[in-house]
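One structure below.
The values are calculated or read from the model by the stated rules, or taken from the named source; none is laboratory data. These figures come from a predicted structure and were not determined experimentally. Cβ sites come from the backbone with ideal geometry, for glycine too, and all protein chains shown count toward neighbours.
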There are 2 protein chains.
Amino acid sequence: MKKTLTLGLIAIAAAVNAQQKTIIGFTDANATKELQTEQTFDAALSAPRIGENLKELSAFPHNLGSPGSKAVAEKILAKYKSYGLDAHLQPYTVLFPSPKTRVLELTGPTTYTALLKEPALAEDATSGQSDQLPTYNAWSADGDVTGQLVFVNYGLPDDYETLAKLGIDVKGKIVIAKYGRSWRGIKPKVAYEHGAIGCIIYSDPADDGYSAGEVYPKGAYKNEYGVQRGSVMDMVIYPGDPLTPGVGATKDAKRLDRKDATTILKIPVLPISYHDAQPLLAALDGIVAPRDWQGGLPITYHVGPGVATVHLKLEFNWDMVQAYDVIAKIKGSEFPDEWVMRGNHHDAWVNGAGDPLSGQVAMLDEAKALGDLLKTGWKPKRTIVYCSWDGEEPGLVGSTEYAEDHDKELQQKAVVYINSDGNGRGFYGGGGSQALEPFMDEITKTVTDPQTNVSVFDRKRASELVNAGSVKDKKEIMARKVEPLEPLGSGSDFSSFLQHLGVPTLDLAFGGEDGGGEYHSIYDSFDDYRRFKDPTFEYGVALSKTAGHAILRMADADLLPFDFRNLDTTISKYVTELTELTDKMRDNTTMENQLIKANDFTLAADPTKHEKAPEAKAEVPKLDFAPLKTALDSLKKAANGLATTWAAAAQSNTSHDKLNQLLYHAEQQLLGDGLPRRPWYRHTIYAPGFYTGYGVKTLPGIREAIEQRNWTEAQEQIGIVAERISSLAAYLAEAR
Amino acid sequence: MKKTLTLGLIAIAAAVNAQQKTIIGFTDANATKELQTEQTFDAALSAPRIGENLKELSAFPHNLGSPGSKAVAEKILAKYKSYGLDAHLQPYTVLFPSPKTRVLELTGPTTYTALLKEPALAEDATSGQSDQLPTYNAWSADGDVTGQLVFVNYGLPDDYETLAKLGIDVKGKIVIAKYGRSWRGIKPKVAYEHGAIGCIIYSDPADDGYSAGEVYPKGAYKNEYGVQRGSVMDMVIYPGDPLTPGVGATKDAKRLDRKDATTILKIPVLPISYHDAQPLLAALDGIVAPRDWQGGLPITYHVGPGVATVHLKLEFNWDMVQAYDVIAKIKGSEFPDEWVMRGNHHDAWVNGAGDPLSGQVAMLDEAKALGDLLKTGWKPKRTIVYCSWDGEEPGLVGSTEYAEDHDKELQQKAVVYINSDGNGRGFYGGGGSQALEPFMDEITKTVTDPQTNVSVFDRKRASELVNAGSVKDKKEIMARKVEPLEPLGSGSDFSSFLQHLGVPTLDLAFGGEDGGGEYHSIYDSFDDYRRFKDPTFEYGVALSKTAGHAILRMADADLLPFDFRNLDTTISKYVTELTELTDKMRDNTTMENQLIKANDFTLAADPTKHEKAPEAKAEVPKLDFAPLKTALDSLKKAANGLATTWAAAAQSNTSHDKLNQLLYHAEQQLLGDGLPRRPWYRHTIYAPGFYTGYGVKTLPGIREAIEQRNWTEAQEQIGIVAERISSLAAYLAEAR
């Protein structure tokens, strides 16, 4: 039943809470207590305080290694302490490149020197500060290159296939790519794989500028000078400090030579504004870019190479700096060695009001409210750990080094890791371990959306129903018993916990009505945030409630709320996707080979354009997915059996210690020996894509082998994943 | 079997012809003669002459009613005569508005006076001529209006639904719409239906400018000053002279008062360049236009209405002018009262090298080659009629008045009408009566593509296979026994023949590698054509051969090559489409009503944007398509029976007169009493769409009633169409 909007806020909030009497994993008596605790918790949260903290922490630039970052860490430390948490700084010593020389010039047929500078604006109080990091991509190589320019669209593997058809290669050239469609680090990596000697990335106004909306400061969208900074570390190999893969970057850790660090780029790469990109793109000649490569600048985009040449010179300070994670604990009264963890980074590229402080200040308000609860005499059964990470922006550095440093301890103690990052006005969105889906459904029904006064669960579901493309999709949503958690790729601090350690993980945020172009620019400021992101800071409170209730319930549950029946059905869906993908590739390959043989591609092409017909590919063999299906059958049986055991246990008053231990350690059964060519990523179900970056690949070992047409590896990976699923099934079947 | 490209042109041409020994509708002996005739015909065609004629006829502006148009008609007349055809001018007296006053000004918040002028270019020899028609839309109302400006995207019904959701109406406002996505005349008509007082149409550079390709004169695409002239007559009611619907506009014809002519627009409408549009669009404020409304200008597009106001003043000379059709005949030796007709218009908006002269000069070369054949002693069995139409651009005026003037005679005598219009480099494309599909397949296999040296049939099929979206679609194409002829809507001179008189019709052209932005501008010139459209004029020859062979075979066939089995399967496909459309609308309506009731649209909307949720619609009833299915069953039986009769007759030497008469008159069985609210359109299978213009609607009476949710009318129309199909079935069953 949907609520109507005619009821007032208070009436609805009461109605939402009144609905709930039981909680998954709590006895009825404890549920009543827990709901009272949550009411007290909610009452302690404060939107104005969230706004004040946001203003305070975003008042100056605070990138990793800067005095500002240390100052922010110390401010956060002091806040945790003042709230009553047991907090300390946890420093790591990490490599961090900052720019020393940045030159980009068009050298022919005309000349232009790129500004590489975002101007201060009267409407944005912090935009003129002097200690901002300049516009750059961290982990670019040092380099001084001159060469012909080639426009490569978004710079993805498909784009290079198109270039090959057009008879163009980028060997010895400097490429210019649009931001978007992948994580930025993929673009220079793929350019390098194709022989480019330099890479420029720019924000096209069709994607991130005037075509998206009114530009800053009139509106929220990227003005002609705005630049997206960001890391291009090859994070899909391993994240964190490039010199200490797999181990914590403590002072005395054994370190790689910088030249041996595989995640540092081999060519220079620089992000620029569309103001700086236009003269470069306008100078290109040669082949006109395909219709769907044309962007929003008022020119005809060409591919080149031709008369347009550029000079790109970049030098960096390769400094060792301190990353200051802030760790704050509330010791568990019954299970001090079971940790319920919460994290959000505090470092920014510049002032970072949206990214990451909007999530950080919501998290701090949770800590404040928990501190207030402590004062009432409440104590959590399990230890609660709040983590404010440093160095997320350059490559998840603070969280990765902490996780690597504490790997054994975390695999033993961490019940769950709950992440957030930027937050804004709009709809609830959650990702993470499928076994937590019923848990998150229950929680999101307890949080009222600030604008519509229905639960954030109901509002999200309404949006999904309205925006689903077809009646079939809408009916599928209506038929769902639980809302799915999105599978996680990369792009925030959950990565080490989930993909390296197998800790059950959640990633939570609100957004979708907070669009803009401030991301990683000097304009990600308090002035921007309060105008365009969450003017009342009420969505900060909504995040505090959502994550806070999750922390409280996990910390106090009698029986931990994991349900593996959702994992089974979700993996089955992935297997169906892969079966269909392989069948489709087989059909497409057979058909394409047939058309190639009949000369149809040559006949269909414009002979004046000298396009090359594709080359015939090897036919796609049948893969044997049966091992996965067998493993999933046993997982289904075990998950159903466990659910029965769990339900029976929930009715009893005996100790659940052993069952709880089994439940929160289960995800580790899905860890293997690591993905091919990137063993740091051990989770067999989720990983960031080798050619997508942040974007997830589910069943990554199998899926990427199929996408790369490596059929032998695909079959091997089917065996490996099936073995992990079977192992999880056997493990769950142990539950008594 | 596809040909390889290693063989030379001559070898291939010989191979193509050598393959064919039999021709549909010819005895073996006559087929041998016919193939020889076609070889002689082909040898008489000349690409250089096509180029010379193109240059000669495009040397000066020649719009309807101008001295140039009369001069072009007289030149064409002289050519037909010199070729040996019996030619005359056929004049009609028709209304034709030309501009007297054109003023468009931005009056607030800043001022700008639109240039409304395409500049002369050194690279384009005819671009500076003084007697060009200014940029305008014929059949705009006279008007002098000032009002707030509203941007309406493409100005289609869906766009007004989006505006309604945004809470915006255009009553009393002046709208500005992009060209594209519909025939231009739909935009002011829909604007008027919604209460607008004026309409501006502009070419957006994302669709027709620098984003499409290099602009003129550097490339073929529309430069910032280019303007698309064109008619906005409400041609979907009836085409031709607005004052003489249904009758020929002879000197003494009974005429409507201009104010009673329903096809003349009620509001002023003016086309402009993107140079003139930018200041207007940049002045708009208010709501930012939806993402998919944003165009290619370097601004954020807003919807308005707000501060931006414009003044639009238009006055026209409402002159009665002479339209000069040129009619040229070769009398049939056996069946002089069976007419095989060919047509292409000769009037242009300005110089019209591409539109229409590229088709006109190919047609003239056919006439020349037929004249040469006459000199060898060849005589066609049936009368051949070549028609060079005047006044197509303002609204198919010359062809419509001729067809209305000769309606009875044409319905008695016209065996087929074969149309062309603009032509260029690329792929064969054919539309028309489905019963002619095997006929056109056979012909297109006899014409060699100038660039690839395979038949134009094979090249087109290769393109279709390569460009089909899915393996399923490709397999369907491979499984086809005949290539479909596209169903015809409007936009050229075939309309009266097919949709008003039921004459079997074909519309032929080459293109797809001749892109550009010259359409209806001063830059549609010989200089533009020889650079970008068909530099060698070989595709002119390809059109001459394709249409010429069709004319020759129709004129000389022993048994006319109609096969109604293709019509049956095609209509069955349309019925399936409509059944699925209705089912989909029913499902969508039920689902949307359910989401409306649950308040999901309100919950999913951004509350700060004040968007309106849609209103519930009446549920979609079940339509009874059974009458159509029954009728199609009998058509299938009759078409199969006729095919058997036809095949038997082809083996006999008796007279086929009666069967031939039945065959070419059959299409008239599909004429009804006219479509609802537009009785001029009598064909029950094809019509231009009421809200698409040129775009066809198949089974238009039923389909448009469904689209308008008029279920009663849809059911009535099912009955009417079923009755026409049954009638055709009964008619065909008469064949002996």
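Before moving on, here are some points about what is shown:
- Unique residue being within 14 Å of chain B (Cβ to nearest Cβ), buried (at least 18 other Cβ atoms within 10 Å of the Cβ), touching a residue at least 12 places away in the same chain (Cβ under 8 Å) and over 30 Å from A:Glu409 (Cβ atoms) when the list is A:Leu284, A:Leu280: A:Leu284
- Taking region A:521-544 as the range and being part of a loop (DSSP other than H, G, I, E, B) and surrounded by 24 or more Cβ atoms within 10 Å (Cβ to Cβ) as the test, the residues that pass are A:Ser521, A:Ile522, A:Tyr523, A:Asp524, A:Ser525, A:Lys533, A:Asp534, A:Phe537.
- Output for region B:155-179, where each listed residue is of a type outside the set (D, E, K, R), in contact with a helix residue (DSSP H, G or I) (Cβ under 7 Å, 6 or more places away or on another chain) and either closer than 27 Å to B:Lys609 by Cα or surrounded by fewer than 20 Cβ atoms within 10 Å (Cβ to Cβ) (or both): B:Gly155, B:Leu156, B:Pro157, B:Tyr160, B:Val170, B:Val175, B:Ile176, B:Ala177
- Residue in region B:348-359 that is assigned to a strand (DSSP E or B), in contact (Cβ under 8 Å) with a residue 60 or more places away in the chain and under 20 Å from the mean Cα position of the chain (by Cα) present: no
- Subset of region B:397-438 (residues that are in a helix (DSSP H, G or I) and of a type in the set (Ser, Thr, Tyr)): B:Ser399, B:Thr400, B:Tyr402
- Segments classed as helices (runs of 4 or more DSSP H), wholly inside region A:654-733, with at least 1 members that are among the hydroxyl-bearing types (Ser, Thr, Tyr) and closer than 23 Å to A:Val415 by Cα: A:657-665, A:711-733
- Filter result for A:Lys481 (free of Cβ contacts under 8 Å to residues at least 40 places away in the same chain and either assigned to a loop (DSSP other than H, G, I, E, B) or among the acidic types (Asp, Glu) (or both)): yes
- Test: residue in region A:691-711 that is over 30 Å from A:Gly180 (Cβ atoms) and buried (at least 16 other Cβ atoms within 10 Å of the Cβ): yes
- Boolean, B:Leu635 is buried (at least 17 other Cβ atoms within 10 Å of the Cβ), more than 14 Å from every other protein chain (Cβ to nearest Cβ), of a type in the set (A, V, I, L, M) and at negative phi: yes
- Some residue of region A:481-489 being buried (at least 24 other Cβ atoms within 10 Å of the Cβ) and closer than 30 Å to B:Lys597 by Cα: yes
- Selection status of B:Asp292, at pLDDT 95 or above, within 14 Å of chain A (Cβ to nearest Cβ) and assigned to a helix (DSSP H, G or I): yes
- Selection status of B:Val456, at negative phi and either under 22 Å from the mean Cα position of the chain (by Cα) or not assigned by TED's automatic domain parsing to the domain that holds B:Leu552 (or both): yes
- Of all residues in region A:703-727, those that are under 25 Å from A:His665 (Cβ atoms) and assigned by TED's automatic domain parsing to the domain that holds A:Ala638 have Cβ atoms under 9 Å from Cβ atoms of residues that are crowded, with 16+ Cβ neighbours inside 10 Å and of a type in the set (Asp, Glu), 6 or more apart or on another chain, in A:Gln717/A:Glu704; A:Ile725/A:Asp568.
- Against the list (1) surrounded by fewer than 15 Cβ atoms within 10 Å (Cβ to Cβ); (2) out of contact with any Asp or Glu (no Cβ under 7 Å at 6 or more places or on another chain); (3) over 26 Å from B:Trp349 (Cβ atoms), the condition B:Ala78 fails is (3).
- Qualifying residue in region B:333-347 (condition: of a type in the set (S, T, N, Q) and within 14 Å of chain A (Cβ to nearest Cβ)): no
- Within region A:339-353, being of a type outside the set (Asp, Glu) and within 16 Å of A:Gln132 (Cβ to Cβ) holds for A:Ala348, A:Trp349, A:Val350, A:Asn351, A:Gly352, A:Ala353.
- Each residue in region A:590-612 was checked for being more than 9 Å from every other protein chain (Cβ to nearest Cβ) and closer than 22 Å to A:Val303 by Cα, and 3 of them qualify.
- Inspection of region B:442-449 finds no residue satisfying the criterion of being in a strand (DSSP E or B), within 14 Å of another protein chain (Cβ to nearest Cβ) and closer than 24 Å to B:Lys474 by Cβ.
- Taken together, A:Val456, A:Val471 contain a single residue that is within 14 Å of chain B (Cβ to nearest Cβ), β-branched (Val, Ile, Thr) and in contact (Cβ under 8 Å) with a residue 12 or more places away in the chain, which is A:Val456.
- Check on B:Val247, of a type in the set (Val, Ile, Thr), under 21 Å from B:Asn63 (Cα atoms) and away from chain A (no Cβ under 14 Å): no
- If you check B:Ala73, B:Ala78 for being over 30 Å from B:Lys609 (Cβ atoms), in a helix (DSSP H, G or I), free of Cβ contacts under 8 Å to residues at least 60 places away in the same chain and outside the structural domain of B:Ala191 (by TED's automatic domain parsing), only one passes: B:Ala78.
- Answer residue from region A:182-208, given it is more than 10 Å from A:Ser273 (Cα to Cα) and of a type in the set (Gly, Ala, Ser) and is nearest to the other protein chains (Cβ to nearest Cβ) among those: A:Ala206
- Residues considered: A:Tyr324, A:Tyr301. Of these, the only one that is touching a helix residue (DSSP H, G or I) at 6+ places or on another chain (Cβ under 8 Å), of a type in the set (Ser, Thr, Tyr) and within 14 Å of chain B (Cβ to nearest Cβ) is A:Tyr301.
- Selected residue [over 23 Å from A:Val696 (Cα atoms), surrounded by 24 or more Cβ atoms within 10 Å (Cβ to Cβ) and more than 14 Å from chain B (Cβ to nearest Cβ)] from A:Leu149, A:Leu133: A:Leu149
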